[in-house]
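Read through the structure below, which is laid out as structure tokens, and then see the notes.
The values are calculated or read from the model by the stated rules, or taken from the named source; none is laboratory data. Quick caveat, the model's predicted, so the values are computed rather than measured. Note that each Cβ is placed from the backbone with ideal geometry, even for glycine, and that neighbours are counted across all protein chains shown. Surface areas here come from the heavy atoms of the whole protein model, side chains and all, with no ligands, DNA or RNA. Shrake-Rupley method; radii C 1.70, N 1.55, O 1.52, S 1.80 Å.
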Amino acid sequence: MSALIETEALSKIYPSVTALDRCTLRVNQGEVFGLLGPNGAGKTTLLRLLLGFLRPTSGSARISNLDCYRERVAVHRELVYLPGDARLFRTMRGRQVIRFFSQIRKNASFQRGLDVADRLDLDLSRFVGFMSTGMRQKLALAACFSAETPLIILDEPTANLDPNVRGEVLKMVMEAKQRGATVVFSSHVLSEVEETCDEVAILRAGQLVHQQSLHSLKRHHRVRAKVHGELTPFPNGLAQQIEIAQTLTGNLSTGIPGDLSLEIPGELSPVLKWLADQPLDDVLVSPIGLRAVYDRFHSAEPEIEEV
């Protein structure tokens, strides 16, 4: 697949802090790309560099083979952006806001914006200044999705929304993907990223510390069991597919009884055949999940949600 977004050693350094440090990533056309990390990890800085709002200290960022900073006007024609703190015209009614944004974009439709507002159950007759935080978020989403562009950048799109509306927003993300759009999706809700994204990147302290496809993650399992006898060695070729994640009181090589935890990043069935012949009790096989991967890098970050 061809890349729509490419960064190479992209950095943004301020006198007192390195906001983004040598970030190299690639986002393919037609995929939903998730960005994870706590506040201050560098997600918003990365998005603002892609949008050309910030000049990079070093490195490069390109969208549709356009330099994100030097050719930012042309880049903006390729995308819509929902910021995490969207500001709207407080003296306008909701309907007027959608009309305004649909008129300044050639690829936007006023009717499409109205349809999105209807899907989100938004009352467009109210003045923005009298809307709740959740209503303003719905209005910003309607303004964004009124346009059809090759790239959609969403920074915390479901913040302040109830669960039913969150689900509708995720449906719209998947519909955008089906029509061929690329979506960059920054979120604090792990379940949303797992549900919608094809690829996920985790940032920590300005660095890209992990990137993985969700397809490969869904094939990754953990096996926990109690050992009450001697284990036979792994068959040839199987040892390379298994990682001993934790040996609490047992030892795989000597067969001393205890508790074992194994991680299987690939095909599960050969491991299950081996396990069936072992002296094990209380065997539990479970998918690793995005939470376990995230916790490797941010084990003490409570603001990531799993709802």
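What residue, among those in segment 12-28 that are assigned to a strand (DSSP E or B) and among the β-branched types (Val, Ile, Thr), is farthest from residue 77 (Cα to Cα)? Spell out how you get there, then give the answer.
Here is the first cut: in segment 12-28, the ones assigned to a strand (DSSP E or B) are 12-13, 18-28.
So of that shortlist, the ones also among the β-branched types (Val, Ile, Thr) come out as 13, 18, 24, 27.
On the way: 13: 27, 18: 29, 24: 24, 27: 18 Å.
The qualifying residue farthest from residue 77 (Cα to Cα) is 18.
Return the total of residues in segment 5-27 being open to solvent by 10 Å² or more (accessible area, probe 1.4 Å) and touching a strand residue (DSSP E or B) at 6+ places or on another chain (Cβ under 6 Å). Outline the logic, then answer.
Of the residues in segment 5-27, the ones open to solvent by 10 Å² or more (accessible area, probe 1.4 Å) are 6, 8-9, 12-19, 21-22, 24-26.
Checking which are touching a strand residue (DSSP E or B) at 6+ places or on another chain (Cβ under 6 Å) leaves us with 6, 8-9, 12, 19, 21-22, 24-26.
Number satisfying all stated conditions: 10.
Just need a number here: residues in segment 125-158 that are basic (Lys, Arg) and open to solvent by 40 Å² or more (accessible area, probe 1.4 Å). Spell out the reasoning first.
Of the residues in segment 125-158, the ones basic (Lys, Arg) are 126, 136, 138.
From what is left, the residues that are open to solvent by 40 Å² or more (accessible area, probe 1.4 Å) are 126, 136.
Counting residues in segment 125-158 that are basic (Lys, Arg) and open to solvent by 40 Å² or more (accessible area, probe 1.4 Å) gives 2.
Among the residues of segment 93-124 satisfying the criterion of being in contact with a strand residue (DSSP E or B) (Cβ under 7 Å, 6 or more places away or on another chain) and part of a loop (DSSP other than H, G, I, E, B), which is modelled with the highest pLDDT?
Of all residues in segment 93-124, those in contact with a strand residue (DSSP E or B) (Cβ under 7 Å, 6 or more places away or on another chain) come to 93, 101-102, 105, 107-108, 124.
Retained after the next criterion (residues that are part of a loop (DSSP other than H, G, I, E, B)): 105, 107, 124.
Values: 105: 89, 107: 89, 124: 97.
Among those residues, the one meeting the criterion is 124.
For the list (1) touching a residue at least 60 places away in the same chain (Cβ under 8 Å); (2) part of a strand (DSSP E or B), I need the number of the one condition that residue 9 fails.
Looking at each condition in turn, residue 9 falls short on (1).
Please enumerate the residues belonging to segment 254-268 that are open to solvent by less than 50 Å² (accessible area, probe 1.4 Å) and either touching a strand residue (DSSP E or B) at 6+ places or on another chain (Cβ under 6 Å) or modelled with pLDDT of 75 or more (or both). Break it down stepwise before answering.
Residues of segment 254-268 open to solvent by less than 50 Å² (accessible area, probe 1.4 Å): 255, 258-264, 266, 268.
258, 259, 260, 261, 262, 263, 264, 268 - these are the residues of segment 254-268 that are open to solvent by less than 50 Å² (accessible area, probe 1.4 Å) and either touching a strand residue (DSSP E or B) at 6+ places or on another chain (Cβ under 6 Å) or modelled with pLDDT of 75 or more (or both).
Might you check whether a residue that is within 25 Å of residue 177 (Cα to Cα) and touching a Ser or Thr at 6+ places or on another chain (Cβ under 6 Å) occurs anywhere in segment 44-56?
Start the filter on segment 44-56 by keeping residues that are within 25 Å of residue 177 (Cα to Cα), which leaves 44-52.
Restricting the remaining residues to those that are touching a Ser or Thr at 6+ places or on another chain (Cβ under 6 Å) gives none.
Checked segment 44-56: no residue is within 25 Å of residue 177 (Cα to Cα) and touching a Ser or Thr at 6+ places or on another chain (Cβ under 6 Å).
Please verify whether residue 222 is under 28 Å from residue 34 (Cβ atoms), at pLDDT 90 or above and basic (Lys, Arg), treating the condition exactly as stated. Even if it seems obvious, please write down each step before you answer.
Working: under 28 Å from residue 34 (Cβ atoms): yes; at pLDDT 90 or above: no; basic (Lys, Arg): yes.
Spelling it out, it is not the case that residue 222 is under 28 Å from residue 34 (Cβ atoms), at pLDDT 90 or above and basic (Lys, Arg).
Can you tell me which residue within segment 41-72, out of those that are part of a loop (DSSP other than H, G, I, E, B) and in contact (Cβ under 8 Å) with a residue 40 or more places away in the chain, is surrounded by the most Cβ atoms within 10 Å (Cβ to Cβ)? Reasoning before the result, please.
Let us first name the residues in segment 41-72 that are part of a loop (DSSP other than H, G, I, E, B), namely 41-42, 51-57, 64-65, 68-71.
Filter again for in contact (Cβ under 8 Å) with a residue 40 or more places away in the chain, leaving 41-42, 51, 54, 56-57, 64.
Working: 41: 24, 42: 22, 51: 19, 54: 18, 56: 21, 57: 15, 64: 20.
Only one residue tops the list, namely 41.
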